[in-house]
Amino acid sequence: MTDTNLTTPAELAGQAYATAVREKAHKLKQELIRQTLEDSTSWTKAINDKWANDHPGEWDAIPISTAEADMYRERVRTQDYEWVVPSFERFLDPDPDALNPVIESLARIEGMLEGRASTNGAWVGASPALGRINDVRVEMAFWEGAFKDNFIDHLVTPLETVVPNQRELIRYSRNAVEGAKVVHIRFRKSVLAMLDNAIRATQQLSNSACTGADAMKWGSIALCVIGTAGGALAAGGAALAAAVVVDIVGTIGGGLVPQDQEQTKLDLAADTATEVAAKIMSAQSVLGNDTYLAEEDIVTSLRDLHRGLTAERTRTLTSNRSGPFGVATPALADATASQITSGSFRPRR
């Protein structure tokens, strides 16, 4: 009973995603090598940088020998870009679909608590077990006395508030986990987009394979929409009123992987292959940071819900007064036989 479709797009799921990342990363590596060696500007920068690193403090007008130039070419082929594929392989995890069992479990529990109190006090629920709230109220109508009134007021009636509040809290929790899945889906989309744009930015160095500044622009994940529990909880819940929650419907209102809503945008184009490579590493760092921020929103939401629930239930337990997430213990639970036979709980005449 999810609010909307959160199916991971096929190209971002399972082996299809892993294969795409490895293939694109390998292609990017080969393009960086090729352009470094074939693009004159890229090669000039690469060989001068390498010579300067190998000859610190020496006069840079000294001609570079053929043997040394050949050594630098071999270093480009076999060393300089060996980081590319492993650096993208670390983006194979997390798997968005690993969260599916948790989401489905929470949705099942939420469904079990589905229902509402009608205007005449009867409980209208999806679960037969919750229908017992109505049964108890009907059965207690055949009794009278202080214990009967206390039982209705302290247990049966408060349940009609507690149950929907518990369902709402589970919904918020489910939305938070769904938000994490959306973050991971968008993370994977950003990874593939980074690879595609990095390849184009590398290719355009010498053969003008792509034109237009936007073609090499890359954007990291779009963040989740955050709200507060606010007034969604009935009869109180002060400890949860300001809790951070994930608005999953608002989050994917523009699509599961929306365009032009990225947290950060970077231009991967540059004048040389070395500089493109540096921008790729910077983009990887940005993606990691933005993903961390998005995941922190999820963590904050779950922690707020836990703290609020704990505070409200503790208040109920210590005061024995019904609250938004717990009911008081009715006097009948502790009644002695003599108290009952004294007339405080007796069949209605």
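Any residue that is within 21 Å of ASN165 (Cα to Cα), surrounded by 16 or more Cβ atoms within 10 Å (Cβ to Cβ) and basic (Lys, Arg) - is there at least one of those in region 320-328? Checking region 320-328: not a single residue is within 21 Å of ASN165 (Cα to Cα), surrounded by 16 or more Cβ atoms within 10 Å (Cβ to Cβ) and basic (Lys, Arg).
Annotation note: of GLU23, GLU31, the sole residue that is crowded, with 19+ Cβ neighbours inside 10 Å and either of a type outside the set (S, T, N, Q) or in contact (Cβ under 8 Å) with a residue 24 or more places away in the chain (or both) is GLU31. ALA215 meets the conditions (1) among the small types (Gly, Ala, Ser); (2) open to solvent by 10 Å² or more (accessible area, probe 1.4 Å); (3) over 30 Å from GLN35 (Cβ atoms); (4) at pLDDT below 95 in every case but one. The failed one is (3). For region 255-273, the set of residues classified as out of contact with any Phe, Trp or Tyr (no Cβ under 8 Å at 6 or more places or on another chain), of a type outside the set (Asp, Glu) and open to solvent by 50 Å² or more (accessible area, probe 1.4 Å) consists of GLN259, GLN261, GLN263, listed by residue number. Given the conditions (1) more than 14 Å from TRP218 (Cβ to Cβ); (2) in a strand (DSSP E or B), report the number of the one that LEU256 does not fulfil. Here LEU256 meets the rest and fails (2). Selection of region 274-287 for residues being buried (at least 18 other Cβ atoms within 10 Å of the Cβ) and of a type in the set (Ser, Thr, Tyr) yields only THR274. Checked against the criteria, ARG137 counts as surrounded by 15 or more Cβ atoms within 10 Å (Cβ to Cβ), over 30 Å from THR274 (Cβ atoms) and at pLDDT below 85.
Candidates in region 92-112 are the residues that are open to solvent by less than 30 Å² (accessible area, probe 1.4 Å) and farther than 30 Å from ALA16 by Cβ; of these, the one that is modelled with the lowest pLDDT is GLY111.
Report whether or not ALA67 is without any contact (Cβ under 8 Å) to a residue 60 or more places away in the chain, small (Gly, Ala, Ser), under 30 Å from ILE185 (Cα atoms) and open to solvent by 30 Å² or more (accessible area, probe 1.4 Å). No, not satisfied.
On the phi > 0 side of the Ramachandran plot and open to solvent by less than 30 Å² (accessible area, probe 1.4 Å), is that true of GLY343?
yes
Residues that are closer than 30 Å to GLU38 by Cβ, surrounded by fewer than 19 Cβ atoms within 10 Å (Cβ to Cβ) and in contact with a Leu (Cβ under 9 Å, 6 or more places away or on another chain): does region 288-296 have at least one? No.
For region 34-58, the candidate set comprises residues that are in a loop (DSSP other than H, G, I, E, B) and without any contact (Cβ under 8 Å) to a residue 12 or more places away in the chain; within that set, the residue that is least open to solvent (accessible area, probe 1.4 Å) is HIS55.
Okay, residues lined up against (1) more than 30 Å from ARG200 (Cα to Cα); (2) of a type in the set (A, V, I, L, M, F, W, C); (3) touching a Gly at 6+ places or on another chain (Cβ under 9 Å):
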| position | (1), (2), (3) |
| --- | --- |
| LYS24 | no, no, no |
| LYS27 | no, no, no |
| GLN30 | no, no, no |
| THR36 | no, no, no |
| ALA52 | no, yes, no |
| GLU58 | yes, no, no |
| PRO63 | yes, no, no |
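Being open to solvent by 60 Å² or more (accessible area, probe 1.4 Å) and in contact (Cβ under 8 Å) with a residue 40 or more places away in the chain: is that true of ARG303 here? Judged against the criteria, ARG303 is not a match.
Please go through region 331-348 and give me each residue that is free of Cβ contacts under 8 Å to residues at least 24 places away in the same chain and of a type outside the set (Ser, Thr, Tyr), ordered by number. Write out each step before concluding.
Step one: of region 331-348, the residues free of Cβ contacts under 8 Å to residues at least 24 places away in the same chain are 333-334, 336-338, 341-342.
Across region 331-348, the qualifying residues are ALA333, ASP334, ALA337.
The values are calculated or read from the model by the stated rules, or taken from the named source; none is laboratory data. Owing to the predicted nature of the structure, the values given are computational and were not obtained by experimental measurement. Glycine gets a Cβ as well: all are built from the backbone with ideal geometry, and neighbour counts include every protein chain shown. Accessible surface is based on the protein model in full, side chains and every heavy atom, while ligands, DNA and RNA are left aside. Shrake-Rupley method; radii C 1.70, N 1.55, O 1.52, S 1.80 Å.
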